[in-house]
Amino acid sequence: MNSTETALPATDAPWIVMKFGGTSVATLPRWQNIGELVASRQAEGARVLIVVSALTGVTDALKQLCSESKAINRSEAARAIAQRHYDLLDHMQLSMPATLGERLEDLARLANEGAATLGELAWQAQVQAHGELMSSALGAAFLSHSGLPTHWLDARDCLSAVALPNQNERTRLLSSMVDSRPDPALAARLAAQGDVFITQGFIARESQGRTVLLGRGGSDTSASYFGALLKAQRVEIWTDVAGMFTANPRQVPGARLLQRLDYEEAQEIASTGAKVLHPRCLSPLRESRVPLLIKDTNRPELDGTVIGPEVRAHAPSVKAISARKGITLVSMESVGMWQQVGFLADVFAQFKHHGLSVDLIGSAETNVTVSLDPTENLLDSDAIAALATDLAKVCRVKVIAPCAAITLVGRGMRSLLHTLSGVLAEFGQLRVHLISQSSNNLNLTFVVDEEVVDTLLPHLHDLLISAGALRTDDSALFGPSWQALYGNGESVAATTAWWRDAQREALLELAAEKTPRYVYHLPTVRRQAGALKSLGAVDRLHYAVKANTHPAILRALAAEGFAFECVSPGELQAVSAIVPASTPLLFTPNFAPRDDYALALDTRATVTLDALHPLEHWGELFHGREVVLRIDLGRGLGHHEKVRTGGSGSKFGVPLDQLTQFLQLAQTHGVTVRGLHAHLGSGVLDAAHWGEVYVQLASLAERIDSVVFLNIGGGLGVPSHPGEASLDMAELDRVLREVKAAYPQYQLWMEPGRYLVADAGVLLARVTQQKGKGAYRYLGIDTGMNSLIRPALYDAWHEIVNLTRLDESATALYQVVGPICESGDVLGTDRRLPEADEGDVMLIAQTGAYGKVMSSHYNLRDEADEIVIE
Ligand code: ADP
Ligand code: ASP
Ligand code: MG
């Protein structure tokens, strides 16, 4: 990122505006990404204007500061906010830049003084503007220090708020709009000063010189205003997701990336709830036809969403389902409303008077109901109460809140109605307060009680796909799901994990005896077994023992009634030594030598073949036997390329085009195919997946008379990243029962591994030392990839905590590494943890699966031992 290495932009070089949101500017590694990204745009020959948000959470903290009535509390809040910035400076190893120092002093002064001098709203705007003023000052210092000379620009000198006729003081100061006609003079002035600028999102200046805000989330809109003013080549919105998805991916992990959208559709998705873009940010670009790109700062290699002027011809499809919470409905009743001339004019005049903009409208003979959207209105209870009092003079008023608006978005909604019957049926169970179909034919909205939304949305999204209303088969438009892109990550289970409270002391004692050490919690194994046993359609559950072959776990699962799936003679032996002789076994090897089959055929195990070779060359071995055929359905799934076990890129299974040949070989050798098997990969969190495999296997089985069971594999994921939803077992149960009802003649088998044991295991290790190097702080522990290879092999993310200091605040940013002589010996990158000391006990979570079984003596280091908690 050394600017001297990049060619200087030509005098007529285009502008690229890059906006980085709150999470994108909150840590040192993100700023390092920003530096690289900006340098790469410069290398394209562009001038760059960086627009930044406040560090994540800072605008909220500033708002909170504004609501404190006591000066002492406000000053304390200002100090805590300042501390966030000191911490980041510390990680950046920078001394306080004068520009930031001034801001912090200014904030301390404003906090202490309170609103008296400036007036409440102007003071609030001024205080909240400091979030972006501080982050941009910090960013300018960091980038310049890293060799990318960056000019700090005050956005208020460029963005002039326009006074709109119906604005009140509140909207004028806190949710303002800006004149964004192209300004060649600004472009020329900046070009004369330099090539890289950094400025603030969220703020502008009004005609009297006061600082104004653009509304919560308004930094996106700042970027657009700058894009339009500078007639930029494009605007890039860098955030914490790889684009706009078909639904909020934090709510619907199966949501698909929307690869390209026109302004109108994107606008509709943004206005109806997709927080990823501020609803006002598209109109400035639409007028000047500047394209907008949404990208993930942390994963710049992902494609993202391109929004531009081209309307692509394609079959009508629902593009997204969004939800807006915090909606207030105002229902107004008046007898003989339609006969009363001017009734609507009277009531709407009240909305205007109170500075409230109406979103949806529904009407009946004696009633008109409107919705107020919190992103367009500053809805506090005072504002609503004042409105209701005035409305009560002309009609009977009822305020219904909190509600949520669920919107289906897509061009040509009316022509899609026939595909929506299943979706509409869902609303039959709910109180629907209002339905509205937009006159531009782009959306269909249902207002319901707010509390139902979180569970309803993922379900509706699934229904839209299965009904063919959301046409995910159009791969030019619909990219991968969020889960497919991010599915291998952060921990939900971790917050309620067994090791956090009840067993913490016991674990610390175990670690005091010896580390590194794996500890397994059998009640968790049993809990997971119980969840699997709730799947009513499944006739036989096998534990895929390769995940963890500890005898206590095998014993516990045998007691739970599980059968066992093994992939090698060693596993067959280990299992046979432990479980009762009546327990069914399944042998599902891959590229196993002849002797392995010979050995397995001498046991009670049901043997699976997944290639032609064994029958072609060792036919006599299998003569008269019954086997299972593992089929490659032509596609793989899973959290990482290395765990996908389908498709021609993977070595597993007999491809469909060799099926006939396999059956002929079986016939020739007197072999009976009793079962069909497919397993596409691991870490799958979408219930629909097993339904698809099941149906595919069942329809293939119908061509083979001898088949009596279908083994749909395992691969059931356990969520590891915060916010990642777990696999919906009730939904999986429903999906499987549905297929079973269609194909009752086949028994259903499954073979999960990770699902049963991942959460049950933790790896305990001890801190040995720390090292600071450049911007990084390495935290060394007494074991590494020799004990746990998943991070190195699959980029797997495991939650890591300092068990000794579980309750201390996480103020340090560490790279957690082991003692193995490999650069890849990193167990966790960028981990926020308490400041650690030599001897602290670190816990690596979710290591019950593929932990110990994949460990080695590499570097001749001792292997971790294993302890079981009953
Ligand atoms: P930033 O701080 O970078 O401005 P935001 O939090 O404002 O980021 O916006 C990004 C978030 O928007 C995502 O993390 C996601 O939770 C949310 N979001 C809601 N709906 C969608 C959607 N349809 N597509 C993508 N993200 C969405
Ligand atoms: N910092 C502002 C907010 O949190 C603006 C933004 O981030 O877009 O609302
Ligand atoms: Mg945002």
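For the range 222-241, what are the residues that are in a helix (DSSP H, G or I), farther than 11 Å from residue 53 by Cα and within 12 Å of ligand 2 (Cβ to nearest atom)?
224
With the requirement that a residue be of a type outside the set (Lys, Arg) and free of Cβ contacts under 8 Å to residues at least 40 places away in the same chain, what does the range 416-437 give you?
Hits for the range 416-437 are 417, 418, 424, 425, 426, 427, 428, 429, 430, 432, 437.
If I ask for residues that are within 14 Å of ligand 1 (Cβ to nearest atom) and either closer than 19 Å to residue 230 by Cβ or not charged (D, E, K, R) (or both), which ones from the range 283-299 would you list?
If the condition is that a residue be within 14 Å of ligand 1 (Cβ to nearest atom) and either closer than 19 Å to residue 230 by Cβ or not charged (D, E, K, R) (or both), then 292, 293, 294, 297, 298 are the ones that fit.
Confirm whether residue 65 is more than 24 Å from the chain's Cα centre (by Cα), more than 23 Å from residue 224 (Cβ to Cβ) and buried (at least 21 other Cβ atoms within 10 Å of the Cβ).
Criteria met by residue 65.
Find the residue count for the range 43-57, including only residues that are surrounded by fewer than 23 Cβ atoms within 10 Å (Cβ to Cβ) and either within 16 Å of ligand 1 (Cβ to nearest atom) or in a helix (DSSP H, G or I) (or both).
The total comes to 3.
Out of 328, 366, report the one residue that is more than 16 Å from ligand 3 (Cβ to nearest atom), modelled with pLDDT of 85 or more and farther than 30 Å from residue 160 by Cα.
328
Might you check whether a residue that is modelled with pLDDT of 95 or more and in contact with a helix residue (DSSP H, G or I) (Cβ under 6 Å, 6 or more places away or on another chain) occurs anywhere in the range 159-171?
Yes; the residues of the range 159-171 include at least one that is modelled with pLDDT of 95 or more and in contact with a helix residue (DSSP H, G or I) (Cβ under 6 Å, 6 or more places away or on another chain).
Those residues that are within 13 Å of ligand 3 (Cβ to nearest atom) and assigned to a loop (DSSP other than H, G, I, E, B), I need them from the range 9-25; list them, please.
Listed by number, the list holds a single entry, 21.
Here is a list of conditions, (1) in contact with a Pro (Cβ under 9 Å, 6 or more places away or on another chain); (2) modelled with pLDDT under 95; (3) more than 30 Å from residue 616 (Cα to Cα), and residue 763 meets all of them except one; can you say which number that is?
Here residue 763 meets the rest and fails (2).
Pick out the one residue from 56, 27, 23 that is under 27 Å from residue 815 (Cβ atoms), within 16 Å of ligand 2 (Cβ to nearest atom) and without any contact (Cβ under 8 Å) to a residue 40 or more places away in the chain.
One residue alone meets the criteria, 56.
Condition first: within 15 Å of ligand 2 (Cβ to nearest atom) and buried (at least 24 other Cβ atoms within 10 Å of the Cβ). Can you find one or more residues in the range 264-272 that meet it?
Within the range 264-272 (the criterion being within 15 Å of ligand 2 (Cβ to nearest atom) and buried (at least 24 other Cβ atoms within 10 Å of the Cβ)), the answer is yes, since at least one residue qualifies.
Might you let me know whether the range 212-229 holds any residue that is away from ligand 1 (no atom under 15 Å from the Cβ) and of a type in the set (S, T, N, Q)?
No; the residues of the range 212-229 include none that is away from ligand 1 (no atom under 15 Å from the Cβ) and of a type in the set (S, T, N, Q).
If residue 245 satisfies all but one of (1) crowded, with 24+ Cβ neighbours inside 10 Å; (2) more than 8 Å from ligand 1 (Cβ to nearest atom); (3) of a type in the set (Phe, Trp, Tyr), what's the number of the condition it fails?
(2)
Of all residues in the range 795-833 being part of a strand (DSSP E or B) and of a type in the set (Ser, Thr, Tyr), which is surrounded by the fewest Cβ atoms within 10 Å (Cβ to Cβ)?
Selected residue: 829.
Does residue 266 satisfy being over 26 Å from residue 30 (Cα atoms) and among the aliphatic types (A, V, I, L, M)?
Criteria met by residue 266.
Considering only the range 250-275, state which residues are in contact with a Ser or Thr (Cβ under 8 Å, 6 or more places away or on another chain), modelled with pLDDT under 95 and within 7 Å of ligand 1 (Cβ to nearest atom).
Within the range 250-275, 255, 273, 274 meet the criteria.
Which one is surrounded by the fewest Cβ atoms within 10 Å (Cβ to Cβ) among residues in the range 579-596 that are in contact with a helix residue (DSSP H, G or I) (Cβ under 6 Å, 6 or more places away or on another chain) and in contact (Cβ under 8 Å) with a residue 24 or more places away in the chain?
Checked the range 579-596; the qualifying residue surrounded by the fewest Cβ atoms within 10 Å (Cβ to Cβ) is 594.
So residue 358 ticks every box in (1) without any contact (Cβ under 8 Å) to a residue 24 or more places away in the chain; (2) exposed (fewer than 15 other Cβ atoms within 10 Å of the Cβ) but one. Which box is left unticked?
So the condition that residue 358 fails would be (2).
What number of residues in the range 199-210 are surrounded by 24 or more Cβ atoms within 10 Å (Cβ to Cβ) and away from ligand 1 (no atom under 16 Å from the Cβ)?
Within the range 199-210, residues that are surrounded by 24 or more Cβ atoms within 10 Å (Cβ to Cβ) and away from ligand 1 (no atom under 16 Å from the Cβ) number 1.
Residue by residue through the range 365-390, note down the ones that are surrounded by fewer than 18 Cβ atoms within 10 Å (Cβ to Cβ) and closer than 21 Å to residue 340 by Cβ.
Scanning the range 365-390 gives 365, 366, 367, 388, 389, 390.
List the residue pairs whose Cβ atoms are under 8 Å apart, where the first residue sits in the range 263-280 and is aromatic (Phe, Trp, Tyr), the second is more than 11 Å from ligand 3 (Cβ to nearest atom) and modelled with pLDDT of 90 or more, and the two are 6 or more positions apart or on different chains.
263/282; 263/285; 263/286; 263/307; 263/308
What are the pairs with Cβ atoms under 6 angstrom where one residue, in the range 206-226, is under 21 Å from residue 238 (Cα atoms) and of a type in the set (S, T, N, Q) and the other, located anywhere, is modelled with pLDDT of 95 or more and more than 15 Å from ligand 3 (Cβ to nearest atom)? Sequence gap at least six, or different chains.
From the range 206-226, the pairs are 224/284; 224/285.
Which ones in the range 313-325 are within 23 Å of residue 400 (Cα to Cα) and surrounded by fewer than 16 Cβ atoms within 10 Å (Cβ to Cβ)?
325
Any residue in the range 86-111 that's closer than 20 Å to residue 75 by Cα and assigned to a helix (DSSP H, G or I): show its pairings with residues that are among the basic types (Lys, Arg) and at pLDDT 90 or above at Cβ separation under 6 Å, as long as the two are six or more apart or on different chains.
Here the result reads 111/74, each pair linking the range 86-111 to a residue that is among the basic types (Lys, Arg) and at pLDDT 90 or above.
Got a sec? Which helices (runs of 4 or more DSSP H) wholly within the range 519-597 have at least 3 residues that are closer than 21 Å to residue 625 by Cβ?
569-578
Can you tell me which residue within the range 39-78, out of those that are more than 16 Å from ligand 3 (Cβ to nearest atom) and either touching a Ser or Thr at 6+ places or on another chain (Cβ under 8 Å) or among the acidic types (Asp, Glu) (or both), is nearest to residue 137 (Cα to Cα)?
49
Can you find a residue that is assigned to a helix (DSSP H, G or I) and either touching a strand residue (DSSP E or B) at 6+ places or on another chain (Cβ under 8 Å) or of a type in the set (Asp, Glu) (or both) anywhere in the range 495-505?
Checking the range 495-505: at least one residue is assigned to a helix (DSSP H, G or I) and either touching a strand residue (DSSP E or B) at 6+ places or on another chain (Cβ under 8 Å) or of a type in the set (Asp, Glu) (or both).
Quick one: is residue 633 farther than 18 Å from residue 544 by Cα and in contact (Cβ under 8 Å) with a residue 60 or more places away in the chain?
Yes: the conditions hold for residue 633.
For (1) at pLDDT 90 or above; (2) of a type in the set (Asp, Glu); (3) more than 28 Å from residue 470 (Cα to Cα), each residue gets a yes or a no:
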position: 375; (1), (2), (3): no, no, no
position: 378; (1), (2), (3): no, no, yes
position: 382; (1), (2), (3): no, yes, yes
position: 390; (1), (2), (3): yes, yes, yes
position: 404; (1), (2), (3): yes, no, no
position: 409; (1), (2), (3): yes, no, no
position: 413; (1), (2), (3): no, no, no
position: 422; (1), (2), (3): no, no, no
position: 425; (1), (2), (3): no, no, no
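The values are calculated or read from the model by the stated rules, or taken from the named source; none is laboratory data. Quick caveat, the model's predicted, so the values are computed rather than measured. For neighbour counting, all protein chains shown are included, and Cβ atoms are generated from backbone atoms with ideal geometry for every residue, glycine included.
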